[in-house]
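Inspection log for the structure reproduced underneath, given as structure tokens.
The values are calculated or read from the model by the stated rules, or taken from the named source; none is laboratory data. Note that this is a predicted model, so its numbers are computed, not measured. For neighbour counting, all protein chains shown are included, and Cβ atoms are generated from backbone atoms with ideal geometry for every residue, glycine included.
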Amino acid sequence: MKLNLKNPIVFFDLETTGINVTSDRIVEIAIIKVHPNGDEEEKSMRINPTIPIPKDSSKIHKIFDEDIKDAPTFKEVGKEIAKFIEGCDLAGFNSNRFDIPLLAEEFIRADVDIDMRKRRMIDVQTIFHKMEQRTLVAAYKFYCNESLENAHAAMADTKATYEVLKAQLDKYDDLENDMDYLNKFSTHHKHADFLGRIIFNKKNEEVINFGKYKGETVESVFAKDPGYYSWLQKADFPLYTKKVFTEIKLRGFNK
């Protein structure tokens, strides 16, 4: 089934040094941009993460330090990537919980000004888990009736994710071929940041989703505990989460 698109959508996958959004780095990114008329563009590049790749990670994606020693850093290619995905919705497999938050971190570290919160975010894994509860390899076999060769290679996973979404739309009559619908269906909660440390309540207020103040609005916590903001900025949170807390803090000054 051809995707019903109002905007271009980019399917992407990251291979990384690990699974910590705060401290790990991208070593490879693969992107397929699908235009509303069905035209497709591909971009794939390896990236020097500027830190050693752990052996356990290299065993999974088969990328070693020697392979990327002459590759550009993300700071060198960040603007090129941002330009390629400009104005596009975002899609991936487990992308809402990992790929998008990590990519946002890399953009911040590279001083690339891009607001990814304005994009629709289609997480094919979330759709899959709500419908069937499987992994990407099983999803590809289940929906496309093919074996996923070269799994954990970024472009292979990216292409498989794109094919799985189209097959999901073919299979489920109650899934709408509409990016607004799929954006909502792919999301468990409405987040203010990417990892869900800050969520919105029914009044559309930002609420803390962790720790001793879980369930309380950010503004109310900042008002009663002035030192909490300073603690947040020093704690091991993603840069993007800290950025959202700062935006809320500054908004309070303007009231």
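Which of the helices (runs of 4 or more DSSP H) found entirely inside the stretch 100-183 contain at least 2 residues meeting this: of a type in the set (Gly, Ala, Ser)? Can you show your working first?
Details: elements: 100-109, 124-131, 136-144, 154-171.
Answer list for the stretch 100-183: 136-144, 154-171.
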field: All helices (runs of 4 or more DSSP H) inside the stretch 38-89 with 2 or more residues being over 19 Å from residue 19 (Cβ atoms)
entry: 65-68, 74-84
- prompt: Counting just the residues of the stretch 183-195 that are touching a helix residue (DSSP H, G or I) at 6+ places or on another chain (Cβ under 8 Å) and of a type outside the set (D, E, K, R), which one comes out modelled with the lowest pLDDT?
  reply: 188
- line: Across (1) in a strand (DSSP E or B); (2) farther than 24 Å from residue 193 by Cα, residue 29 clears everything bar (2)
message: Condition check: among the β-branched types (Val, Ile, Thr) and touching a Phe, Trp or Tyr at 6+ places or on another chain (Cβ under 8 Å). Does residue 100 satisfy that?
response: yes
task: Quick one: residue 1 ticks every box in (1) surrounded by fewer than 20 Cβ atoms within 10 Å (Cβ to Cβ); (2) in contact with a Leu (Cβ under 9 Å, 6 or more places away or on another chain); (3) assigned by TED's automatic domain parsing to the domain that holds residue 88 except a single one, so which number is it?
output: (3)
query: Could you give every pair whose Cβ atoms fall below 6 Å, whose first residue belongs to the stretch 233-245 and is of a type in the set (A, V, I, L, M, F, W, C), and whose second residue is part of a loop (DSSP other than H, G, I, E, B), counting only separations of at least 6 or pairs across chains?
result: 244/192; 244/193
task: Would you mind stating whether residue 84 is in contact with a Gly (Cβ under 7 Å, 6 or more places away or on another chain) and in contact (Cβ under 8 Å) with a residue 60 or more places away in the chain?
output: no
